[in-house]
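Accompanying notes for the structure given below.
Laboratory data are not the source of any read-out in this text; all were calculated from the coordinates shown. Treat the numbers as computed from the prediction; the structure is a model and nothing was measured. A quick note on method: Cβ atoms are made from the backbone with ideal geometry, for glycine too, and the neighbour counts reach across all protein chains shown.
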Amino acid sequence: MTESTIAIIKSTAPVIKEHGEAITTAMYANLFRVHPEAKAFFKDASEDQYKKLAAMVYAYAANIDNLGALGKGVEKVANIHVNIGVLPEHYPWVGVALLEAITQVLGEAATPEIMDAWKEAFFFLADVFIAKEKEIYAAKA
Ligand code: HEM
């Protein structure tokens, strides 16, 4: 990730926190509209699932310059993902849905510069999960 991406993400952390639940609620609506087949993954999800995802997106934005702070959280979520069968090809589904949701909720505040930074940051985090999940799948095989 570039320095300017890190600076932009950190500067958007308070806005993401303020609108976190609206963003993740919109994210799920976008995800299920474009990929109805993703609903099967969430069939046993708790009512407050979207709050957990919102909290993690905020934690990520706030800690983007210190990702070690997320370590344990990533490990726990990666194990949950593996148990449900999440695969690398599902990350763009969630990424596109999340970026669309940020644009919907932030409106004009979501400048192209901010959206480019979030695109880069999302796929950076996705790669962290994908690598961790690959390890967990390999250990299970
Ligand atoms: C970087 C992207 C992602 C982040 C930050 C993320 C974050 C999270 C978090 C925080 C949880 C809650 C864990 C808990 O209960 O403590 C979770 C659970 C879950 N995630 Fe993800 N996730 C990501 C990508 C994905 C993808 C690509 C899929 C598949 C489409 C997915 C499907 C799920 C499912 C099905 C659950 C469990 C829901 C339940 O039964 O409660 N996630 N994720």
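Sum -39500 (n - 2.57) across every DSSP H segment of at least 4 residues in the chain, then divide by the residue count to get the 222 nm mean residue ellipticity, nearest 500.
So the helix-based figure for the chain works out to -25000 deg cm²/dmol.
Where the centre of each part is set by its Cα atoms, how far does the stretch 15-85 sit from the stretch 96-141, in angstrom?
10
Evaluate the charge dipole of the stretch 1-53 about its Cα centre and quote only its size in Debye, nearest 20, assuming +1 on the Cβ of each Lys and Arg and -1 on the Cβ of each Asp and Glu.
It comes to approximately 40 debye.
Using only the C-alpha atoms of the chain, find the volume of their convex hull and express it per residue in Å³.
106
Select from 70, 31, 99 the residue whose mean-square fluctuation is largest in a Gaussian network model of the chain (Cα-Cα springs shorter than 10 Å).
Residue with maximal mean-square fluctuation among 70, 31, 99: 70.
Of 121, 131, 15, whose Cα points farthest to the positive end of the dipole of the chain (charges on the beta-carbon: +1 Lys, Arg; -1 Asp, Glu; origin at the Cα centre)?
131
Give the shape of the stretch 13-79 as rounded, prolate or oblate, defined through the alpha-carbon gyration tensor: a ≥ b ≥ c are the square roots of its eigenvalues, a/c under 1.5 means rounded, and otherwise the shape is prolate if a/b is larger than b/c and oblate if not.
Judged from the Cα gyration tensor, the stretch 13-79 comes out oblate (a/c at least 1.5, b/c at or above a/b).
Kindly provide the trypsin sites (Lys or Arg not before Pro) of the stretch 36-130 that DSSP labels as loop, not H, G, I, E or B, and whose Cβ sees at most 15 other Cβ atoms within 10 Å.
Sites meeting the loop and neighbour criteria: 43.
As a quick test, which of the pairs 10/140; 76/119; 10/43 have an alpha carbon distance above 30 angstrom in this structure?
The answer is 10/140; 10/43.
Starting at the first residue of the stretch 116-133, write each ³J(HN,Hα) from the Karplus equation 6.51 cos²θ - 1.76 cosθ + 1.60 with θ = phi - 60°, in whole Hz, x for Gly and Pro.
5, 5, 5, 5, 4, 5, 4, 6, 5, 5, 4, 5, 5, 5, 4, 5, 5, 5
Just subtract the alpha-carbon distance of residue 141 and residue 66 from 0.36 nm times their residue separation and send over the number in nm, one decimal.
Roughly 23.8 nm would be gained on extension.
Need the full-extension length gain, residue 4 to residue 42, defined as separation in residues times 0.36 nm minus the C-alpha distance. One decimal, nm.
Gain on extension, residue 4 to residue 42, equals 10.2 nm.
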